[in-house]
Amino acid sequence: MHPDTRMVHVTAPVPEHSTPLAVPIYQTSSFAFADPELMAGGLHRPDGAYVYSRFANPTVRALETAVADLEGGAAAIAASSGMGAITMLLHSLLGAGDHVIAQHSLYGGTHALLHDLATRRGVTVTRIDGRDPGELRSALTPQTRVLYLETIANPTGHVSDLPALAPVAREAGVLTVVDNTFATPVFCRPIEHGADVVVHSATKFLNGHSDVTGGLAVFADAELHRRTWEYAVEFGATADPFAAWLTLRGLQTLGLRMERHAANVTRVAGWLSGHPAVRSVSWTGPAPAAHVSGYPGAFCFDLAGGYDAGVRLLSRVRLIRAAPSLGGTQSLMLHPASTSHRQLSPAELAEARISPGTVRIAVGIEHPDDLIADLEQALDFAAR
């Protein structure tokens, strides 16, 4: 062959007598076949041959399998972001005229998505507290298709009573979807408590290093996974193999990191609770509910000085960084009303228990004494 051709057709070695310790990165968009029928068959089912990485990719599949196993699910779909996973899922489950019941306290992007579904598809949404089975029963209609909850709500720390609500939803033929980003499978496995689908922003604790954007949907039922996969490949919010590989690398230390996050948040939240500039702290203790065994490193607190005090606090912290997201090794802080929950009206913010003076802190894995020292100097400045 001509050198120009040999430059293009490079053959990769395949290990025959050894196994790589790390999952290889299959950074390829397509796969070649000697059998055209096998290629065609791979595009029709999620467990078929690898054909095109929007449909399936070995590195992405390794992540899906690992997280599905951790959550006790049958299978998973990885997406390019947490909102990609949630949007793909709800668009696949809901049609015009359907009804969703969702708790008041949710991530701002989920609020915005539900509003968009209502505007564009005529999906109706009823908000509930997320703890009262009677309130859920009253909200059910013949058109209800989804109950949407967060294990530990972003940013308020509100813990939904999943074991009490999921049986009510199942009896009515309603799917229960639970965002388990905050708790992770280390502290809660929602499928064991009746959830049908668990979603994650893998950007947060699963990856844990602030260098990935990704999401996952884990399914308790294989048939529901297959139906959703058929929609997901057309929706196109596909996870990138390199992002999946980075998430797999982070996943190996998830248990260790969550233990440190939980220990640090106990120290920091306890200290904040006694500071005169702090009106209230959302942290509910190291084990917030019978079905949630630990509290992650993210919670919010309200400043007595309101909005202005919150802005001054974020401008003054030095070790803690003013930045969006959470779940990484570094401690981060933001003002939800103007950032993560900016889509909500004042009334919706109040319903979600977010005030103008609410600040969310994502406690990292630094030494807690250093975090407290930074908060002390910043709070003293904010109080003035």
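Per the listing R342, R353, R318, the residue uniquely more than 29 Å from G215 (Cβ to Cβ), in contact (Cβ under 8 Å) with a residue 60 or more places away in the chain and not assigned by TED's automatic domain parsing to the domain that holds H104 is R318. Among the residues here, F182 qualifies as touching a Lys or Arg at 6+ places or on another chain (Cβ under 9 Å) and either crowded, with 21+ Cβ neighbours inside 10 Å or under 22 Å from D47 (Cα atoms) (or both).
Which of the residues spanning segment 346-384 are modelled with pLDDT under 80 and over 17 Å from H158 (Cβ atoms)? Within segment 346-384, R384 is the sole residue that qualifies. Looking only at segment 186-210, residues that are in a helix (DSSP H, G or I) and charged (D, E, K, R) come to 1 in all. Among the candidates T19, T5, T28, T11, which residue alone is farther than 23 Å from P185 by Cβ, of a type in the set (V, I, T) and modelled with pLDDT under 90? Going through T19, T5, T28, T11 in turn, the sole match is T11. Regarding segment 79-91, can at least one residue be identified that is more than 19 Å from L206 (Cβ to Cβ), part of a helix (DSSP H, G or I) and in contact with a strand residue (DSSP E or B) (Cβ under 9 Å, 6 or more places away or on another chain)? Among the residues of segment 79-91, at least one is more than 19 Å from L206 (Cβ to Cβ), part of a helix (DSSP H, G or I) and in contact with a strand residue (DSSP E or B) (Cβ under 9 Å, 6 or more places away or on another chain), which makes the answer yes.
Got at least one residue in segment 286-303 being without any contact (Cβ under 8 Å) to a residue 40 or more places away in the chain and not basic (K, R)? Give the derivation first.
We begin by selecting, within segment 286-303, every residue without any contact (Cβ under 8 Å) to a residue 40 or more places away in the chain; these are 286-287.
Among the residues that remain, those that are also not basic (K, R) are: 286-287.
Yes, some residue in segment 286-303 is without any contact (Cβ under 8 Å) to a residue 40 or more places away in the chain and not basic (K, R).
A single entry from E37, E64 fulfils the requirement of being farther than 28 Å from S325 by Cβ and outside any loop (DSSP other than H, G, I, E, B): E37.
Identify all residues within segment 103-150 that are among the polar types (S, T, N, Q), surrounded by fewer than 18 Cβ atoms within 10 Å (Cβ to Cβ) and outside any strand (DSSP E or B); write none if there are none. Steps first, answer last, please.
Looking only at segment 103-150, we keep the residues that are among the polar types (S, T, N, Q), and these are 103, 105, 110, 119, 124, 126, 138, 141, 143-144.
The next check asks that each one be surrounded by fewer than 18 Cβ atoms within 10 Å (Cβ to Cβ); those that pass are 119, 124, 126, 138, 141, 143.
Once the filter is applied, which keeps residues that are among the polar types (S, T, N, Q), surrounded by fewer than 18 Cβ atoms within 10 Å (Cβ to Cβ) and outside any strand (DSSP E or B), segment 103-150 yields T119, S138, T141, Q143.
Inside segment 71-90, can you point out the residues that are more than 25 Å from T28 (Cβ to Cβ) and either surrounded by fewer than 19 Cβ atoms within 10 Å (Cβ to Cβ) or among the polar types (S, T, N, Q) (or both)? The answer is G72, A74, T87.
Residues in segment 299-322 that are more than 17 Å from T156 (Cα to Cα) and among the acidic types (D, E): D308 alone.
The values are calculated or read from the model by the stated rules, or taken from the named source; none is laboratory data. For clarity, every value in this text was computed on a predicted model and none was experimentally measured. Reconstructed Cβ throughout: ideal geometry from the backbone, glycine too, with neighbour counts over all protein chains shown.
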